[in-house]
Amino acid sequence: MSRALTFLFYHYGTIPRYLRNAVEQVRIFNPEAEIRVITDEVRDISMLKPFDIRHSEMSAFPSEDLETFRRTYRHISCFKERYERFVLDRWFVTESIRRSSPSRTYIMQDSDVAVFGDASRLLPDLPDCPIALSSNNPHFTFVRGDITGFLRFILDFYADEARVADSLKRHEGARNSAQIYNLGEMQFLYEFMRVSSDMQRFPTDTPAGYVDVNLHIPEGFDFMQLRRRSRKKVRWTDENGRIVPYFLKDAAPVRAFLVHFQGPGKRVFFRFNGSSFATNPMRLAVLNTIFQNSFWANFT
């Protein structure tokens, strides 16, 4: 029997357009899934309500481990403290949510990710472990078991003054270099995977489609070199009334299961489905021009 799916979106601040689009894409391609949006001091989520979401505030999930983390956290990063703390906070909240319904499969999805498929089709190819990441990026992470091992790994670090001091020294010593050291979610994930099988990577090239790591990282696909960075070429296609993306490899299409519109890519995270205008042939032509022609792509 397949496990029921719950998508978890975490957000603080004003609800952006791309988060609305991300939630809508999940609802269209995973109509039976539960979608939970967990926010921190967000007053207006009205734009998300049409997609049958379950909304909660972070404050609804207190735990002893979360309180310990917040009390002992030290900011060792060039990124804003609220951001670094929030992305770690969500792991503690995820475990509280998981414990309330441990039979479900949870997907922690970033708000700049567009899903174009049924996530249950990825389950057979996941490693047998509590936390499965797409490559080294936590933008689309499966949680299927107790993740307290990872939480204890984080708490043990902040309880060790010698390790904290060493990390501060590394950060300060490289502050003005290209090799700056930041202690945040990505570093904890990397270090935990080195010592524990509780967190493993799943292949990005799956039978259900390619799980994109970043629209701006070619990963062997055809790409455009724009003014400031590269961007994968995407061929948008109408399949049974839905717009779906294909990456190109030597001009041959490879279906994408999701597209991660990271960083500047958010500017081209449109409302691909869900409206009568979505599959208009003219719109498809415009999308394919933007995503395959470097001259026009430079204006987006």
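Identify, from the list 88, 8, 66, the residue that is among the hydrophobic types (A, V, I, L, M, F, W, C) and in contact with a strand residue (DSSP E or B) (Cβ under 8 Å, 6 or more places away or on another chain).
8
Inspect all residues belonging to the stretch 70-81 and state whether any of them is more than 16 Å from residue 10 (Cα to Cα), part of a loop (DSSP other than H, G, I, E, B), charged (D, E, K, R) and without any contact (Cβ under 8 Å) to a residue 12 or more places away in the chain.
yes
I'd like to check something: does the stretch 58-71 contain any residue that is exposed (fewer than 12 other Cβ atoms within 10 Å of the Cβ), among the aliphatic types (A, V, I, L, M) and farther than 30 Å from residue 256 by Cβ?
yes
Conditions tested, residue by residue: (1) of a type in the set (Val, Ile, Thr); (2) in contact with a Leu (Cβ under 7 Å, 6 or more places away or on another chain); (3) assigned to a loop (DSSP other than H, G, I, E, B); (4) on the phi < 0 side of the Ramachandran plot.
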{"site": "170", "(1), (2), (3), (4)": "no, no, no, yes"}
{"site": "188", "(1), (2), (3), (4)": "no, no, no, yes"}
{"site": "193", "(1), (2), (3), (4)": "no, no, no, yes"}
{"site": "197", "(1), (2), (3), (4)": "no, no, yes, yes"}
{"site": "200", "(1), (2), (3), (4)": "no, no, no, yes"}
{"site": "217", "(1), (2), (3), (4)": "yes, no, yes, yes"}
{"site": "235", "(1), (2), (3), (4)": "no, yes, no, yes"}
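So which residues in the stretch 165-200 are buried (at least 17 other Cβ atoms within 10 Å of the Cβ) and over 19 Å from residue 90 (Cβ atoms)?
167, 171, 181
What tally of residues in the stretch 237-286 results from selecting those that are surrounded by 14 or more Cβ atoms within 10 Å (Cβ to Cβ) and assigned to a loop (DSSP other than H, G, I, E, B)?
10
Have a look at 190, 158 and point out the one that is over 24 Å from residue 110 (Cβ atoms), in contact (Cβ under 8 Å) with a residue 24 or more places away in the chain and aromatic (Phe, Trp, Tyr).
One residue alone meets the criteria, 158.
Being modelled with pLDDT under 95 and either in the same structural domain as residue 266 (by TED's automatic domain parsing) or surrounded by 19 or more Cβ atoms within 10 Å (Cβ to Cβ) (or both) is the requirement here; does residue 15 meet it?
yes
Here are some residues: 111, 77, 103, 120. Which one is of a type outside the set (Lys, Arg) and modelled with pLDDT under 95?
The match here is 77.
Being assigned to a loop (DSSP other than H, G, I, E, B) and at pLDDT below 95 is the filter; apply it to the stretch 132-153 and report the residue that is surrounded by the fewest Cβ atoms within 10 Å (Cβ to Cβ).
Checking each candidate, the answer is 136.
Restricting to the stretch 271-300, and then to whatever is in contact with a strand residue (DSSP E or B) (Cβ under 9 Å, 6 or more places away or on another chain) and in contact (Cβ under 8 Å) with a residue 60 or more places away in the chain, can you tell me which residue is nearest to residue 18 (Cα to Cα)?
My answer is 272.
What tally of residues in the stretch 26-49 results from selecting those that are over 20 Å from residue 143 (Cβ atoms) and out of contact with any helix residue (DSSP H, G or I) (no Cβ under 8 Å at 6 or more places or on another chain)?
So the count comes out to 9.
Report yes if some residue within the stretch 98-105 is in contact with a Gly (Cβ under 9 Å, 6 or more places away or on another chain) and crowded, with 21+ Cβ neighbours inside 10 Å; otherwise report no.
Within the stretch 98-105, one or more residues are in contact with a Gly (Cβ under 9 Å, 6 or more places away or on another chain) and crowded, with 21+ Cβ neighbours inside 10 Å.
Quick one: how many residues across the stretch 113-131 are surrounded by fewer than 21 Cβ atoms within 10 Å (Cβ to Cβ) and over 17 Å from residue 189 (Cβ atoms)?
Counting residues in the stretch 113-131 that are surrounded by fewer than 21 Cβ atoms within 10 Å (Cβ to Cβ) and over 17 Å from residue 189 (Cβ atoms) gives 8.
The values are calculated or read from the model by the stated rules, or taken from the named source; none is laboratory data. Since the structure is predicted, the reported quantities are computational estimates derived from the model, not experimental observations. For neighbour counting, all protein chains shown are included, and Cβ atoms are generated from backbone atoms with ideal geometry for every residue, glycine included.
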